[in-house]
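Worksheet: the structure to be examined is printed underneath.
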Amino acid sequence: MRDPENTPPIAVKVMTPEALARLGTDEKIVYVRPVPVGELHGQVQGIDDLADDTILYAVHAADGTPMAVVIDRDTAFAAARQYEMEPVSVH
């Protein structure tokens, strides 16, 4: 059992609602998520010959704006870094 008298203090940063809303909206961050082709029909050209359960990877800006769809996660991360952005996986 921990002894509260010998426990070092923990620094806690309190965020305002505005700061919380901005969290993750850095222009340098992009989100990468797997997406089945079936969810992309009508939104992405050139995928009509792929099976609906084929997984592609969508890249989104921090504000959720779609930026690209690529064949695999490694390509998504490489493309983001090529444009000096920091990719983050979303599951």
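Structure values in brief
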{"quantity": "Residue 30 long-range amide H proximity, modeled H, under 5 Å", "calculated": "86, 88"}
{"quantity": "Additional length obtainable on full extension of the chain from residue 63 to residue 81, 0.36 nm per residue less Cα span", "calculated": "4.7 nm"}
{"quantity": "Neighbour-count ranking [beta-carbon atoms within 10 angstrom, fewest first] of 91, 41, 60", "calculated": "91, 41, 60"}
{"quantity": "Karplus (6.51, -1.76, 1.60) ³J(HN,Hα), θ = phi - 60°, over region 58-72, in Hz, Gly and Pro reported as x", "calculated": "8, 10, 10, 5, 4, 8, x, 5, x, 10, 6, 10, 10, 6, 8"}
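Throughout, read-outs are computed from the coordinates displayed, never taken from laboratory work. Here the structure is a predicted model, which means the values were calculated and not measured. All Cβ positions, glycine included, derive from the backbone under ideal geometry; neighbour counts span all protein chains shown.
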